[in-house]
Structures are given as structure tokens and as C-alpha cells.
1. Inside the stretch 35-110, counting only helices (runs of 4 or more DSSP H) that do not spill past its ends, which hold 3 or more residues that are small (Gly, Ala, Ser) and under 30 Å from Gln156 (Cα atoms)?
2. What single numbered condition from (1) away from ligand 3 (no atom under 15 Å from the Cβ); (2) closer than 17 Å to Ser302 by Cα; (3) surrounded by fewer than 20 Cβ atoms within 10 Å (Cβ to Cβ); (4) over 18 Å from the mean Cα position of the chain (by Cα) fails to hold for Asp459?
3. Kindly indicate whether any position in the stretch 520-533 is within 16 Å of ligand 3 (Cβ to nearest atom), assigned by TED's automatic domain parsing to the domain that holds Cys410 and touching a Leu at 6+ places or on another chain (Cβ under 6 Å).
4. I'm told Ser416 meets every condition in (1) of a type in the set (Gly, Ala, Ser); (2) touching a strand residue (DSSP E or B) at 6+ places or on another chain (Cβ under 6 Å); (3) more than 16 Å from ligand 2 (Cβ to nearest atom) except one. Can you identify the failing condition by its number?
5. Within the stretch 416-520, which strands (runs of 3 or more DSSP E) (wholly inside it) include 3 or more residues that are touching a residue at least 40 places away in the same chain (Cβ under 8 Å), more than 16 Å from Phe291 (Cβ to Cβ) and more than 16 Å from ligand 1 (Cβ to nearest atom)?
6. Return a yes/no flag: does the stretch 57-76 have any residue that is in contact (Cβ under 8 Å) with a residue 60 or more places away in the chain and in contact with a Pro (Cβ under 9 Å, 6 or more places away or on another chain).
7. Is there a residue being of a type outside the set (Gly, Ala, Ser) and out of contact with any helix residue (DSSP H, G or I) (no Cβ under 9 Å at 6 or more places or on another chain) anywhere in the stretch 63-72?
Amino acid sequence: MSFSFLRLLLRDNWVVDELGATELFNQLLPTMPWNSLMDQMMKELHSKGTKIEDIAAVLKRSPIHPRIVEAIKSAHALGCDLKIVSDANTFFIETILEHHGLKECFLEINTNPGFVDRQGRLRIFPHHDFTKSSHGCQHPSCPPNMCKGIVIERIQASLSMEDPKKTIIYLGDGLGDFCPSLKLGDGDYVMPRKDFPVWDLICKNRSLIKAQICEWSNGEEFKTVLLHLISRIISVEGNNTSANIDQLYSVDCKLETMSLPAATAPETFPQALHDYYCRLALTTSDIVVIFDFDKTIIDCDSDNWVVDELGATELFNQLLPTMPWNSLMDRMMKELHSQGTTIEDIAAVLKRTPIHLQIIEAIKSAHALGYACIFSFIFVYMEHSSACHVFSLGNDKILKVLVLILSFRCDLKIVSDANTFFIDTILEHHGLQECFSEINTNPGFVDEQGRLRIFPHHDFTKSSHGCGPSCPPNMCKGIVIEKIQASLSMEDQKKTIIYLGDGLGDFCPTLKLGDGDYVMPRKDFPVWDLICKNRSLIKAQIYEWRDGEEFKSVLLRLISRIISIDGNNTNANIGQLYSVDCKLNTMALPATTGHEAFPQALPVLH
Ligand SMILES: [Zn+2]
Ligand SMILES: [Zn+2]
Ligand SMILES: [Zn+2]
């Protein structure tokens, strides 16, 4: 019931041109790949005194049509999953998205890593490290550092594991957008920008494209075509689900809420718009589960594990008093690299990291639980359409003519002081990567020499993050939680946070949790001690856990309980229609853990 669509946002030339480096750029272009050239250009600009703030200022001026901003926000509000696949870089994209308040709209940004190093120079690395191997796509329109087609295939593979059919809408303009267009299937849509390179290629190769093609030429068309397309897809799915939707709810009313003129149905649509009926899907997640990683998801500290397993413990202990932990890990990776340890050796060690089977199951179940709920509530709301009042959209007229689907989703995030390389490698190895919508940690990646670099989440060489002594200089998890809370507060539905952790650094985020939230400290670990000594400071309800078994049983019961409480608030019938027991059954949990017995069964902290 959610869609993915992707779009190219800006061109590298904007920054280079605005900073007056066009001549040098054109001079160097024939000598190296575009991606390497951009890194080189940032070096040149940095050496000439261009600051990161100058680059950010230029990015914020980059032209973006207001209708495109509106279209993205509307598509997000409609419950579509939005993703970016771009050959730009994370720094450029995030700066622009943030500036326009769009960052929270996107679930995923696939692009070249870009970040500021210690010298304040923006470094840009390839999405695919072509110095080591080719990405394997032979298509001449794919640059060596990124085949967007491969990214689409990965997204398709992850979507195919989910139950409801997913429709992809792909928007693009450049040569690099042709390869992904070829990967789209029968039911998908491609929106090439008219008179741009990908449009030319598609026109010349119509027979190769399985997806339906809807062109657009400017911001206005971007918005109308995209939103009409989404409405249409929702209505087609709605018809499959229940015939009654047709009579109850027409599409025109949604178009009004989107402030679109009803008369602008593009001719690319085979049928007239008034034939379509829709529902508004609010796929915003109700429960956000935030996990610490070390000693919470995995049963050790990943930094210590890697250092110990690679026999560098002595050096580590020797250097520890001389620098912050985060800088030391970067240094240790340098030492190991100079001694011949390859990135494959590190990955092999990471794949051996101890992780409890029940924890893997718990994460997969929590992730799956969200989707299971969507279906159940579809039926609830079809039968009880009066339940629309729960959505505080502020306009009764609109509510009366829209079918609203309440979709309880469990959104899983990680907040960790490890690093992206360690976490991604471990999650991927256990098939858990798709379960998490967000990983907040220190950036870690492999440089040109094949050395793993680890950078701080917060660059403490420039400024302090401003939080107290229990938080290391490179990361205050409390600030990350506040950021997540701020983004949640912009959405309509009530959100409940469950936070799981073990370490000292998990105490600060625990203090940020509110009345309706939950904290799950690991018993007899530092954060548990701190919580016990400071009970009066904690607003969230506290549920302790000890091992993998308890991690699973406490977390899954807590989620079931939150859903059932919310359900009771929303509509008394939901309690009968959809009891916790039946959900527990679908999750293969013992049916004996009945709803009534449940609160007592939880190990509440005394
Ligand atoms: Zn390709
Ligand atoms: Zn931890
Ligand atoms: Zn803090």
C-alpha cells in the first residue's frame, strides 16, 4: 500500500558554476570520472578559501520549483514512500532538502557519500567504489560510480518481500535515469522530463520500457501528473479491496484538499478522472522503536570486538587515554590497515559478532507487525467509516468524503555510537537491514586506499554538541531523539517511542522520552543503574530486559499492548474485532499470553 518514487534533484554544475570554477571544471572533465572530479573540485575550492558555509549558501539558492516542493510534501502526506536515487552526494542533497523542509519526506537517499573532513573540506566518494571493481552494469549511460538500475533492483528486491503489491513511480531527466527505467515492471510508472536526455532515450526505445510513461516538462506538470498518478494507483488498489469504496468516496474531493484544479487531468491517462475513486492512506507509523546497537542488538561492543578479534587490544588500551574513543577507532583502523588488515578481514570479523537469535526474530517480527496491522485496519475502517473522526484533519466536509485507513506501523531506528560500516555489515549479514528506516551513528566508510575511515556523528573539533558528561563528544543520543521527536510531532497521528539501550550514553535519550513513551533498559547494565538511581527524572514507563528471550517477549508484548490501547481509544469495536491474541498468533507467539495477563507478565522495574 505504499509506493516508492525517486527523483533527481540537482546538478553538480550549479555549485561549480556559482562558485566560479566552471573553467577549471571543464578543463579537468576529460581527465577523470565526474564523481572523482567533484571531489577534486571541492579540494581546489577549499584550497582557494571557499568554506563549507559558502557551498551550503550556494546550495540553498539552487532553483527548485515551489510546485515540486508542494508535490513532494503532498505525496508524503498521502502515505507514499519517497526515495531519492541520485548521482549528486549526500551533503548537497541533504542541505537542499533541509532548507526546503523536505528531509523528513524521504525514507531513503541513495547517492554518493559526501561529508566534511577535519580540514573543513567537502569530500565526495563514489556510491560504488569503481577503483576496486566495476558495478557490473554494461549500460553506457551508467557512470562508473553509480548504476541507478542496480539501486532500483535492490529496492525492488526489498519490496518483493513485503506483502501488498508495490507500485514504483520513477521520475528523472538524465542519461543515468534510463537504466532504472528499464528495470521497472508492467504495473510501474516512469515520469521522464520532456525534452531531456532520458526522455529522448525512452522515445527511441519504447519497446524496451514495460512501465507506463507519463511525461512532465515543468514544476506545474510535475505536481499535477504525479499527484493524479498517485490518486489513480490508490483508487485501483482500493477497487481491488472493496467495491463499496467506489460509491462512498470520489477522487475529486482529494484533489481539492491537494488544491489542484479538477480540470487538469493530463491526457496521458487512459480514462477520465471521474472514474476513479480513492482513499486517503495515512501510513504514518504509530510506534517508533529506537535501538541502541552495541550490547543491545548485538551481544558485545562492536568496536572492542573488532579490535580484540584482530589482535590489536594492547595498542588500543595504550592509546585510549590519549584521545576520544571515536578518534581512536579511526586511528586503530589506520594502524590495522598499515599492518595489512584488509576491509574483508574486518567484515569477516563483524559477521562473526555474537547476536542472539531471539533478537533477530524480535526485530523481524516488530517490522512485520506494522504491515500486518495495515490490513486489519483496512477492514475495520471499511466497516466503520464513521471512525474517520479520529483524524484531526480539521475539516469535516473532507472527512466525510474520504476513506481513511489507519495503518499502525512499527518504525524501527538505530541510534548508536558504533559506525555505519560496522552496523550495515552486521545487519546485512543477518538480513535485518531492510527492517530499519534510519540508522543514526558515526559515518564509517572505506577510502581510496581501502582503509576504513570513521568520523564523528557530531564534529566536536568544530563545536561541542552542548550536552553533559554522560554523552561522548562525538554523539549525544538525546539530541538525536529530540530530532526524531520533532519530526514525529509534524505528523498527525499520535506516536509512541520505545527506546532500548544498555550504556551510559543511553541515559540522556531516556530523559527526553515523554509520558506515553517506554524505555527498555538492559538489567544490570550502566543505563539501568542510572535509571534506578534517578527514577524521578524518567517520564517514560520502564520495562527491563536481561537477555535475547526477554528482549523479544517484552518488546513484542509492549508493541501489541500499545496498538491495542490506541485501538481502544479510536473505536471500541476494534478491541473485539482485532484482539491482541490474534495478532500474537500471526506473529507465532504463544497464544497463552492473553491480553488480560499481559501487563503483569511484563517485568516492570520495581
Ligand atoms: Zn546501469
Ligand atoms: Zn549499547
Ligand atoms: Zn546528551
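The values are calculated or read from the model by the stated rules, or taken from the named source; none is laboratory data. Predicted model only: the values in this text are computed from it and were never measured. No Cβ is skipped: glycine too gets one built from the backbone with ideal geometry, and neighbour counts run over all protein chains shown.
1. 66-77
2. Asp459 satisfies every listed condition except (2).
3. yes
4. Every listed condition holds for Ser416 apart from (3).
5. 452-454
6. no
7. No: the stretch 63-72 contains no residue that is of a type outside the set (Gly, Ala, Ser) and out of contact with any helix residue (DSSP H, G or I) (no Cβ under 9 Å at 6 or more places or on another chain).
Here is a yes/no grid of residues against (1) within 16 Å of ligand 3 (Cβ to nearest atom); (2) more than 22 Å from the chain's Cα centre (by Cα); (3) part of a helix (DSSP H, G or I); (4) surrounded by 23 or more Cβ atoms within 10 Å (Cβ to Cβ):
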residue: Pro143; (1), (2), (3), (4): no, yes, no, no
residue: Met146; (1), (2), (3), (4): no, no, no, yes
residue: Leu159; (1), (2), (3), (4): no, no, yes, no
residue: Tyr170; (1), (2), (3), (4): no, no, no, yes
residue: Ser181; (1), (2), (3), (4): no, yes, yes, yes
residue: Val190; (1), (2), (3), (4): no, yes, no, yes
residue: Asp195; (1), (2), (3), (4): no, yes, no, no
